[in-house]
Each structure stands twice: as C-alpha cells, then as structure tokens.
C-alpha cells in the first residue's frame, strides 16, 4: 500500500511539473568532457519548484568533486532528442552515468522523494548512490 501511495505521488508530481511555468533554462554542461561520471538531469521547458530544487541540490552535492560533472538537458530542445531517447527520459529525471562503461543508474524516484522538503536527506542519499555507483 505504501509503495502504491509513493508511486501515485511520484506520478502526480511528474505531471504537475509540465503544467507549472517557470523560467526557461538553457542546456548547460559543466566539465562533462573531462569526467567519467556524470550526474544528468532531464527537464521540460516549464519547471516546477521540485524540478528546480533537484538541480540546485544536485549541484550542491557534487560541488568541489572534480570527478563528477553535472549535465542538464532540456527535453523540449530538439538537439537533445538522441540523448533523451538513450535514457528513455520523457520528463524530469535524474541519472548517474559512466561514460566509459556506459552504465546508468536512475535516481528519479529518490530525487522526487527528497528534493521538495528534505534537502539534507536528498544530499546524503545522492552521496550514497554516487559511492555505490563508482
């Protein structure tokens, strides 16, 4: 029952992200060419508070770590179609990606679970995922 409630809340949040308007964010790549591990966030043109918070907390978590880069892709930008298909991203999502081994880890559920109200929990869970991913 608890899983069903969490899944329902995740689905509601994902759909609400597309409806709320916010500033348009350009595609940004930070150190992506120089790092093996990337933290990748996908988003749509219109972003909700939670989507923006996932980006903010992700950047804060990996700040100062030269071995991980943060990359963000706007799904509504045609030049990002291939990468979104590779990750099967259709809405706001968060992934760890190893450019050498091509391994991926979907962190979307964790991100939405903790990004809105539990910034410290988000950061600690993301750090655990990064350590386990290496």
remark   = Only one of (1) in contact (Cβ under 8 Å) with a residue 12 or more places away in the chain; (2) within 18 Å of residue 126 (Cα to Cα); (3) assigned to a loop (DSSP other than H, G, I, E, B) does not apply to residue 64, and that is (1)
request  = Inspect all residues belonging to the stretch 49-59 and state whether any of them is in contact with a strand residue (DSSP E or B) (Cβ under 8 Å, 6 or more places away or on another chain), in a loop (DSSP other than H, G, I, E, B), within 19 Å of residue 133 (Cβ to Cβ) and modelled with pLDDT of 90 or more.
outcome  = no
query = Taking the stretch 84-106 only, how many residues are touching a residue at least 24 places away in the same chain (Cβ under 8 Å) and closer than 22 Å to residue 47 by Cβ?
reply = 10
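Within the group 95, 73, which residue is modelled with pLDDT of 90 or more, part of a strand (DSSP E or B), farther than 18 Å from residue 134 by Cα and within 13 Å of the chain's Cα centre (by Cα)?
73
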inquiry  = Please pick out the residue among 132, 111 that is in contact with a helix residue (DSSP H, G or I) (Cβ under 8 Å, 6 or more places away or on another chain) and either outside any loop (DSSP other than H, G, I, E, B) or surrounded by 15 or more Cβ atoms within 10 Å (Cβ to Cβ) (or both).
reply    = 111
message = Of everything in the stretch 115-127, what is free of Cβ contacts under 8 Å to residues at least 24 places away in the same chain and within 16 Å of residue 52 (Cβ to Cβ)? Give them in sequence order.
response = 117, 118
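The values are calculated or read from the model by the stated rules, or taken from the named source; none is laboratory data. Fair warning: this is a prediction, and the values are worked out from it, not measured in the lab. Virtual Cβ from ideal backbone geometry, glycine too; neighbours counted across all protein chains shown.
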